[in-house]
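In what follows, a structure is listed as structure tokens, so that the remarks can point back to it.
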Amino acid sequence: MATLRDIFKNFIARPETEDGIFSEDEVRLANRNSGTLLETLKHNITPTGLHYLLIHFDVPSIDAPSHKLVFGKGFNAPYALTLDDIRALPRQTMPVTLECAGNGRTGMSPRTHSMPWGVEAVGTSAWTGTLLAPLIERAQPKNGTVEIVFSGADRGFDKGVEHAFGRSLTLQQLAELDVLLVHEMNGQPLLPQHGAPLRIIVPGWYGMASVKWLSTIEATDTPYQGYQQVRTYRYRDHKDDEGRPVTTMRVKSLMAPPGIPDWVTRLRHLRAGPVTIAGRAWSGGGVAISKVEFNDGLGWQDATLTAPKGQYDWTGWTIDWNATPGEHVLSCRATDLNGEIQPLEPRWDASGFGNNAVQKVQVFVDSN
């Protein structure tokens, strides 16, 4: 076991993992973070208290009335905004589906030693704020600017490196994305765990880009080298691979598990007869869902889609299934307008990112 000094000064590697067995550290992470409850997929807007959470370090204690968002280094016209200043700006509310890049990590083998997500790290909220691009333009990025850096107030260590959570976007990405500077979630002020008082939302991207507890925005003339930008959130074929950046979400779907559960295993029990299966599907970059299919072991059938309420909102789907006695494995898969289809098996990644393999739900159908 690593000594206390090793955690902070001499970090070598994370422990190896074994399928189905989770370390005390992984259980501790699972107790701090939380996924949505799959039965609430029947709600288009995820109830605020059930939206997934991934908190890397500690939730900062920020005094909202005195907090200022600083547009600082790299701008010709730096300035700062209070929360009241931001609330007075033109408002926009946008339903946006967010998914953690590590969602589905436990479905990969071998998995990396990290937050042991199943499939629940996703949710959709109505985010209210103001478009970020005009505020950056007002600050006047200096000539030669290539990236805009967003830094939060949360700070800690990862693999022996101390840092504040920070991410960047290129000027081109900012021009293409409808990035929001957000202060409300589902009609209420942001909760502390969701980034209060300010965060950004990067629609269509995995959740790591949507920096919480936002404190500073800076412009740089070289690519940002922050830990969360270059040391993690990259697709890697092996642990020493430089990798490729994780950006837009991959096409995916989930179903609300039918019937009632066993307390410990969450396996499902149903009575024989007709049942409506419902769920949600989404893709990255604002690309629409074109098809969702359902399979009860006898082949794929097309589900009925419900139109989303915005470009970055997930799509509802339903299908009527005649549940026959016996054991079944139910699954669903989505296709987007780009022709991307969920794979039947995970695409392995050394860090456990981007698993969009089809969900499988085991059910026992009782004839009584």
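Readers should treat all values here as calculations from the given coordinates under stated rules, not as data from a laboratory. In this text the structure is predicted, and so the values were computed from the model without any measurement. For neighbour counting, all protein chains shown are included, and Cβ atoms are generated from backbone atoms with ideal geometry for every residue, glycine included.
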For region 197-243, convex hull of alpha carbons as volume per residue, Å³: 103
Pairwise FRET efficiency - Asp158 versus Lys360, Cβ, R0 = 30 Å, nearest 0.05: 0.40
Protection proxy ranking of 229-236, 351-358 - average other beta-carbon atoms within 10 Å, highest first: 351-358, 229-236
Neighbour-count ranking [beta-carbon atoms within 10 angstrom, fewest first] of Ile201, Ile289: Ile289, Ile201
Computed FRET value (nearest 0.05) for Gln140 with Arg5, which takes r as the C-beta separation and R₀ as 56 Å: 0.75
Lysine-lysine proximity count for the chain, Cα under 28 Å, sequence distance 8 or more or distinct chains: 26
Footprinting exposure proxy for Thr324, Thr248 (fewest neighbouring C-beta atoms within 10 Å first): Thr324, Thr248
Net charge contributed by nearby residues that have their C-beta within less than 15 Å of Thr145 (K/R +1, D/E -1): -1
Rg to Rh, two decimals, where region 252-366 supplies the alpha carbon set and Rh follows Kirkwood: 0.99
From the C-alpha gyration tensor of region 111-153, square roots of 5λ in Å: 33, 18, 8
Thr222/Ala80 FRET efficiency (R0 25 Å; Cβ-Cβ; nearest 0.05): 0.55
For the chain, calculated [θ]222 nm from helices alone, where every DSSP H run of n ≥ 4 adds -39500 (n - 2.57): -2000 deg cm²/dmol
Burial order of peptide ranges 335-342, 163-170, 261-268 (average beta-carbon count within 10 Å, highest first): 163-170, 335-342, 261-268
Separation of alpha-carbon centers, region 73-102 and region 152-167, rounded to whole Å: 21
Residues Phe22, Phe294, sorted so that the one with the fewest Cβ neighbours within 10 Å comes first: Phe22, Phe294
Distance in nm between pseudo-label sites at Ala64 and Glu242 (7 Å out along the Cβ direction from Cα): 4.4
Net lengthening on full extension, Ala307/Thr93 (0.36 nm per residue, minus Cα-Cα): 75.2 nm
The chain: radius of gyration over Cα atoms, expressed as a fraction of 2.2 N^0.38 Å: 1.03
